[in-house]
């Protein structure tokens, strides 16, 4: 016998508890000869006697007592497998891999994930920040279960669901010439220096496309990779910038910046959720998609 099997361990426990092979065989509804064969196989496999035959039946040796404790623990763990697996199939446990853009993480996801985990405490969420184009790639390559992105057209092979919207605004240092009006079209601001985003970011791509459509140069003085860095650069007078309104308002109270609306239709952005196949997701991941789509529609 190459390994101990649960049936043999169960028979061994019954023999020790019943103190005779005959009583154990009756309890387990199996022939006494078959029980004896199983016990001999166990002793041969382990290389040590496990039972002593006496006039009153059998009793465990020291090795048998040790095996008795181990066998009871092993069978208990096996009994727990269906219950443990049920928690995964019901969505109360599991790991959900989420890849999302910086804008969605900064504005929406902390609160939305928190409300999800409040009612699904056994679920673990692994959140990875990437630019929107790489969010799509991560989901396509199965590096993420759920992706959250904006302003990406090529989502071939993915299922798409609505999530949330935001609005881009113009920020500038206090006293800047663009501060004389409450709202601007992006084209009318291009004579000023800009603090921009890293290549590939959704905002950077949108502004690049808008400038190209207007056949104007976009005077990009410096590139940054975070909202905080952009706000600091603008506050220092290095140029104007574009970022989500919710982020701008959080920073306006602490920095030397002002906010002005952008009138361009593209300034209102739609964030979407992508998955490879909703039917192929784990129960926990499906429940998270349902949660995000529902909370985003409120």
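Each value in this text was obtained by applying a stated rule to the coordinates, not by laboratory testing. Bear in mind that the values here come from a model prediction, so they are computed numbers and not experimental data. All Cβ positions, even for glycine, are placed from backbone atoms using ideal geometry, and neighbour counts span all protein chains on display.
Quick notes
- Most simply put, the chain has about 60% antiparallel DSSP beta bridges, counting only bridges with both residues inside it.
- Using the Cβ-Cβ distance between residue 74 and residue 126 with R0 set to 22 Å, the FRET efficiency works out to roughly 0.10.
- Estimated FRET transfer efficiency (residue 118, residue 20; beta-carbon r; R0 51 Å; 0.05): 0.40
- Gaussian network model of the chain, Cα within-10 Å springs - most flexible of 165, 54, 155: 54
- For segment 116-167, Kirkwood radius (reciprocal of mean inverse C-alpha pair distance, Å): 12.6 Å
- Computed [θ] at 222 nm, deg cm²/dmol, the chain (DSSP H ≥ 4; -39,500 (n - 2.57); rounded to nearest 500): -14000 deg cm²/dmol
- The C-alpha atoms of the chain define a longest principal axis, and helix 202-213 lies at about 30 degrees to it.
- Helix 62-89 and the longest principal axis of the C-alpha atoms of the chain enclose an angle of approximately 40°.
- Contour minus Cα-Cα distance for residue 246 and residue 279 (0.36 nm per residue): 8.5 nm
- Here volume of the Cα convex hull per residue in Å³ was calculated from the structure, and among (i) 198; (ii) 121; (iii) 133 it sits at label (i).
- Alpha-carbon Rg with Dmax, taken over segment 166-268, Å: 12.1, 36
- For segment 6-89, alpha-carbon Rg and Dmax in angstrom: 14.2, 52
- Cα-based helix-to-principal-axis angle, 32-46 vs the chain, degrees rounded to 10: 60 degrees
- Whole-number percent relative contact order across segment 6-89, with pairs defined as alpha carbons under 8 Å at least 6 apart: 29 percent
- Segment 198-288: relative contact order in percent, alpha carbon pairs under 8 Å with at least 6 residues between: 19 percent
- When 58, 169 are sorted by how many other C-beta atoms sit within 10 angstrom of their C-beta, beginning with the fewest, the order is 58, 169.
- Applying 1/(1 + (r/R0)^6) with R0 = 22 Å to the Cβ-Cβ distance of residue 294 and residue 270 gives a FRET efficiency near 0.85.
- Between residue 183 and residue 221, residue separation times 0.36 nm minus the direct Cα-Cα distance comes to 11.4 nm.
- Based on C-alpha pairs under 8 angstrom that are at least 6 apart in sequence, the chain has a relative contact order of 21 percent.
- Result for the chain in a Gaussian network model with C-alpha springs under 10 Å: among 281, 170, 67, the largest mean-square fluctuation is at 67.
- Build a GNM of the chain with springs between Cα atoms under 10 Å apart, and of 26, 183, 284 the one that fluctuates most is 26.
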